[in-house]
Amino acid sequence: MKSQLRSLIAIFLTVILTLTLIMTGCGTIKNSGTNVTQNAKNPDAKITLRMMIPVSTLEPPDPNEKLIFKRWEKKTGIHVDWITFPSDSFAEKRNLALASGDLPDAIFNAGLSDSDILKLAKDGTIIPLDDIIEKYMPNFKKVLQERPIYKALITAPDGHIYSLPWIEELGWGKELIHSVNDIPWINVEWLQKLGLKMPETTDDLLNVLRAFKKYDPAGGGKTIPMSFINSLGGNEDLSFLFGSFGLGMNWDLTLVSNDGKVTFAASNDGYKEAVKFVHELYKEGLIDPDAFTQDWNTYIAKGKEGRYGLYFTWDKGNVTGMKDKYEPALEEGKKWPNDLKDPYQPLPPLKGPNGWINVTRTNGLGLDRGRFVITKADKNIEATARWIDNAYDPLQSPQNNWGTYGDTTQQNVFEFDTKNNMLRHLPLNGTAPAEIRTKTCVGGPLAVLDSYYGKYVTLPDDANWRLDIIKHLYTPYMKSENIYPKAFFTLEHLQRISAIEADLMPYVLRKRTEWIQNGKIDQEWDSYLKELNRLGLQEWLKIKQDEYNRYMKTIAKIENKW
């Protein structure tokens, strides 16, 4: 009897609650199959969330002025009060704000490193998202179901997910858009003017740079045969050339052999020979004297003036500009067409002194783990989760990543094809990709999977062009079958790697700079290797190798399951 009475009471209360909700007009707003509950006492009142975000000088000071966020608020019925800090000082301002105890509900475009994530999780500043994703984030769940590898990659060593990622798939394996970051761009207009052929070997390149210096095709003594930004594998570093002498370099100096052995890029004989070659270029005055000190603004200023014979960057459109159209890459065995509109074209891989041709792959993957976190101060966790889940809508993610459509105040990245319900990229019309995207996109967590292209969005012209370059020019010469994964180390291992690299990497850069400028690498090589070990290289290698082995076992389990 008592059991039946409790059941009747439960049913009665449920009916009363349902009638109450109907009478008070509690409404919902549909959003990609999810609902956001409004204030029951005041159905017209919006939920307001406080979020922290970085803002660049190209963006409006109030993020809510961006069309994407205006539409987002209208769609969800949730208003965001933004706490903004300048992009160039955001990490410092963010950390100070978090330390003060005045926490926002969440951080958008958080820019958190793995170490940051683990520390904030450990002290309880940010909360685990596992159950939140399961209950309130259907769009993101679909992404993880389609690509289970990402769940493994964003899960911390303690088994929890604390942050939401940015995912951008453009190609895969050796044809991944991130496989080469520091593409070398050579002035083919100068080659034609001086009657020179595209270099095929490192000796050919030396002779071409000599000709650039001698004949000064820029005029008035303004010619710079070769320039770069000295940064150990950065987008504007010259490390692409190192692949002609051995295993080469990438941005974190972590290489993986075809049998799975982790090695350090700056400690092999090929590295030594590459540095000797660059020293020869420097000794003959073929390298920009500013290469070792210049910043990005100085670098692009000279690029815009067309002073470079050869330079390095991710996308030439940001340095020397893009003329008229994205042109096809030079396919192996073919000549450059005579109707090229842009003087700067990608330099093919060069054969080294021993006949070796190699393009070193970066350890790149279109994944940033730390784009969004929810703090312990958030009193509207369900609303926050449902709001941010919109970022993983297949039609929303491309806009967050690149920009939007229908903006009457500025250039648009997309037009919306209502018939096919998809976003189509518009021509950039000479505008630098980074500029237009920074003005119109919002970044943050998102997912653009390869399966979305042709269904929800078209490939950007610049990405399609870059993938073409990588496929035809560079992929055939990538000797390594493996790259180092986006491993999620424990906090202890991260701290050890960070402590070792704090001394190791500056030492490597300093010695490379000295050797390029002054030579003497043969005489100092043995003592250099001893110093690397003293600074902790062997421990660094062991940590990296152990994590690589663990990661490969995890991937094997995923592959067996799926």
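The values are calculated or read from the model by the stated rules, or taken from the named source; none is laboratory data. This structure is a prediction, so every number in the text was calculated from the model and none was measured. We place every Cβ from the backbone using ideal geometry, glycine too, and count neighbours over all the protein chains shown. Just the protein is used for accessible areas: all its heavy atoms, side chains included, with ligands, DNA and RNA removed. Shrake-Rupley method; radii C 1.70, N 1.55, O 1.52, S 1.80 Å.
Just to be sure before I move on: is GLU236 in a loop (DSSP other than H, G, I, E, B), at pLDDT 95 or above and either open to solvent by 10 Å² or more (accessible area, probe 1.4 Å) or on the phi > 0 side of the Ramachandran plot (or both) in the structure I sent?
Details: in a loop (DSSP other than H, G, I, E, B): yes; at pLDDT 95 or above: yes; either open to solvent by 10 Å² or more (accessible area, probe 1.4 Å) or on the phi > 0 side of the Ramachandran plot (or both): yes.
So GLU236 fits the description; yes.
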Of all the residues that make up the range 290-319, how many are over 23 Å from GLY364 (Cβ atoms), among the β-branched types (Val, Ile, Thr) and in a loop (DSSP other than H, G, I, E, B)? 1
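Given the criterion more than 30 Å from LEU144 (Cα to Cα), in contact with a strand residue (DSSP E or B) (Cβ under 9 Å, 6 or more places away or on another chain), open to solvent by less than 60 Å² (accessible area, probe 1.4 Å) and not small (Gly, Ala, Ser), identify the matching residue among LEU532, LEU509.
Values: LEU509 fails: in contact with a strand residue (DSSP E or B) (Cβ under 9 Å, 6 or more places away or on another chain).
Within the list LEU532, LEU509, the selection yields LEU532.
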Exactly one of GLY285, GLY248 is in a loop (DSSP other than H, G, I, E, B) and open to solvent by less than 10 Å² (accessible area, probe 1.4 Å), and that residue is GLY248
Quickly run through the range 97-112 and pick out the residues that are at pLDDT below 95 and at negative phi. ALA97, LEU98, ALA99, SER100, ASP102
In the list PRO157, PRO138, PRO128, which residue meets the criterion of being in contact (Cβ under 8 Å) with a residue 24 or more places away in the chain, more than 30 Å from ASN412 (Cβ to Cβ) and more than 23 Å from the chain's Cα centre (by Cα)? PRO128
Report yes if TYR474 is open to solvent by less than 50 Å² (accessible area, probe 1.4 Å), touching a residue at least 60 places away in the same chain (Cβ under 8 Å) and not polar (S, T, N, Q), otherwise no. yes
Using beta carbons and a limit of 6 Å, which pairs, at least six apart or on different chains, have the first residue in the range 217-244 and under 21 Å from PRO353 (Cα atoms) and the second one open to solvent by 20 Å² or more (accessible area, probe 1.4 Å) and part of a loop (DSSP other than H, G, I, E, B)? GLY243/THR360
Could you grab me the full set of residues in the range 151-173 that are of a type outside the set (A, V, I, L, M) and more than 18 Å from GLY443 (Cβ to Cβ)? LYS151, THR155, PRO157, ASP158, GLY159, HIS160, TYR162, GLY171, TRP172, GLY173
Those residues of the range 46-69 that are part of a loop (DSSP other than H, G, I, E, B) and either under 20 Å from ALA434 (Cβ atoms) or among the basic types (Lys, Arg) (or both) come to a total of 8
Failed item in (1) in contact with a Pro (Cβ under 6 Å, 6 or more places away or on another chain); (2) assigned to a loop (DSSP other than H, G, I, E, B), with GLY219 passing the rest: (1)
Among (1) assigned to a loop (DSSP other than H, G, I, E, B); (2) open to solvent by less than 20 Å² (accessible area, probe 1.4 Å); (3) modelled with pLDDT of 95 or more; (4) among the small types (Gly, Ala, Ser), the one test that ALA329 misses: (3)
Filtered residues of the range 332-371 (kept if modelled with pLDDT of 95 or more, of a type outside the set (Val, Ile, Thr), within 18 Å of PRO485 (Cα to Cα) and in contact with a helix residue (DSSP H, G or I) (Cβ under 9 Å, 6 or more places away or on another chain)): ARG361, LEU367, ARG369, GLY370
Would you call TRP525 surrounded by 14 or more Cβ atoms within 10 Å (Cβ to Cβ), part of a helix (DSSP H, G or I), modelled with pLDDT of 95 or more and in contact with a His (Cβ under 7 Å, 6 or more places away or on another chain)? no
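For LEU196, indicate whether it is over 23 Å from the mean Cα position of the chain (by Cα), free of Cβ contacts under 8 Å to residues at least 24 places away in the same chain and surrounded by fewer than 19 Cβ atoms within 10 Å (Cβ to Cβ). Explain how you work it out, then say what you get.
Numbers: over 23 Å from the mean Cα position of the chain (by Cα): yes; free of Cβ contacts under 8 Å to residues at least 24 places away in the same chain: yes; surrounded by fewer than 19 Cβ atoms within 10 Å (Cβ to Cβ): yes.
Spelling it out, LEU196 is indeed over 23 Å from the mean Cα position of the chain (by Cα), free of Cβ contacts under 8 Å to residues at least 24 places away in the same chain and surrounded by fewer than 19 Cβ atoms within 10 Å (Cβ to Cβ).
Being on the phi > 0 side of the Ramachandran plot, surrounded by fewer than 16 Cβ atoms within 10 Å (Cβ to Cβ) and under 19 Å from the mean Cα position of the chain (by Cα), is that true of even one residue in the range 164-186?
Step one: filter the range 164-186 for residues on the phi > 0 side of the Ramachandran plot, giving 171, 173.
Narrowing further to those that are surrounded by fewer than 16 Cβ atoms within 10 Å (Cβ to Cβ): 173.
Then keep just the ones that are under 19 Å from the mean Cα position of the chain (by Cα); that gives 173.
Checked against the condition, which is being on the phi > 0 side of the Ramachandran plot, surrounded by fewer than 16 Cβ atoms within 10 Å (Cβ to Cβ) and under 19 Å from the mean Cα position of the chain (by Cα), the range 164-186 yields at least one hit.
Quick one: in the range 288-299, of everything that is among the polar types (S, T, N, Q) and open to solvent by 40 Å² or more (accessible area, probe 1.4 Å), which residue is nearest to GLN523 (Cα to Cα)? If you could, list the steps in order and put the result at the bottom.
Applying the first criterion (among the polar types (S, T, N, Q)) to the range 288-299 yields 293-294, 297-298.
This time we only want the ones that are open to solvent by 40 Å² or more (accessible area, probe 1.4 Å), so: 293, 297-298.
On the way: THR293: 26, ASN297: 36, THR298: 34 Å.
Going through the qualifying residues, I end up with THR293.
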Quickly run through the range 367-395 and pick out the residues that are crowded, with 20+ Cβ neighbours inside 10 Å and part of a loop (DSSP other than H, G, I, E, B). ASP378, ASP393, PRO394
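Given the residues LYS553, LYS511, which is the only one that is over 19 Å from LEU232 (Cα atoms) and either free of Cβ contacts under 8 Å to residues at least 60 places away in the same chain or more than 25 Å from the chain's Cα centre (by Cα) (or both)?
Numbers: LYS511 fails: over 19 Å from LEU232 (Cα atoms).
Of LYS553, LYS511, the one residue that is over 19 Å from LEU232 (Cα atoms) and either free of Cβ contacts under 8 Å to residues at least 60 places away in the same chain or more than 25 Å from the chain's Cα centre (by Cα) (or both) is LYS553.
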Consider the range 64-88. How many of its residues are open to solvent by 50 Å² or more (accessible area, probe 1.4 Å) and of a type in the set (Ser, Thr, Tyr)? 2
Within the range 445-461, track down each residue that is open to solvent by less than 20 Å² (accessible area, probe 1.4 Å) and either touching a Cys at 6+ places or on another chain (Cβ under 8 Å) or acidic (Asp, Glu) (or both). none
Residue that is most open to solvent (accessible area, probe 1.4 Å) [pool: residues in the range 89-125 that are farther than 15 Å from PHE372 by Cβ, touching a residue at least 24 places away in the same chain (Cβ under 8 Å) and over 25 Å from the mean Cα position of the chain (by Cα)]: LYS122
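Among the residues of the range 397-444, how many are in a loop (DSSP other than H, G, I, E, B) and open to solvent by 30 Å² or more (accessible area, probe 1.4 Å)?
Residues in the range 397-444 being in a loop (DSSP other than H, G, I, E, B) and open to solvent by 30 Å² or more (accessible area, probe 1.4 Å): 16 in total.
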All but one of (1) over 24 Å from the mean Cα position of the chain (by Cα); (2) at pLDDT below 95; (3) at negative phi hold for GLU65, so report the exception by its number. (2)
